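The values are calculated or read from the model by the stated rules, or taken from the named source; none is laboratory data. Owing to the predicted nature of the structure, the values given are computational and were not obtained by experimental measurement. When we count neighbours, we look across all protein chains shown, and the Cβ atoms used for this are built from the backbone with ideal geometry, even at glycine.
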Amino acid sequence: MPISPDSLPDDIAALKALLLAREGEVEQLRTTVSTLEQALNVRSLEIEQLKLQLAKLKRMQFGASPRSSTARSRNWKPGWRIWSPRKAPATNKRDQRRRAASPNAGRCRNT
């Protein structure tokens, strides 16, 4: 609470006592703030753990979210190759010889 200059004592010893009392109050407030910050951190961690647990239970109950998988992975079937605009690397000696002989071999052409 604010102190008006008129309410302060003129005696130095009384001013020192008032200052020490205020410092004690400030220290108590610092301790209280520290305790509350620790409690807040504990609660925040607990909330994060509960969020993770809730997400896990939702996945167990309802399955994976459709947003978590892309269209490619939903439609992909084993054995399919994913198309790439770049030329795929040669996998064996015959492919290497064929590509060396014709630079356009293996590419799609628009006719």
Reported set for region 1-20 where residues are in a loop (DSSP other than H, G, I, E, B) and not polar (S, T, N, Q) is MET1, PRO2, ILE3, LEU8, PRO9, ASP10, ASP11
What residue, of ALA100, ALA17, ALA88, is surrounded by 10 or more Cβ atoms within 10 Å (Cβ to Cβ), aliphatic (A, V, I, L, M) and modelled with pLDDT of 80 or more? ALA17
For LYS77, are the conditions met, namely being basic (Lys, Arg), modelled with pLDDT under 95 and exposed (fewer than 10 other Cβ atoms within 10 Å of the Cβ)? yes
Scanning region 21-67 for residues that are touching a Lys or Arg at 6+ places or on another chain (Cβ under 9 Å) and in a helix (DSSP H, G or I) gives PRO66
For region 46-63, pairs from a residue that is surrounded by 10 or more Cβ atoms within 10 Å (Cβ to Cβ) to a residue that is at pLDDT below 95 and among the hydroxyl-bearing types (Ser, Thr, Tyr), with Cβ under 9 Å and 6 or more apart or across chains, are LYS58/SER65; ARG59/SER65
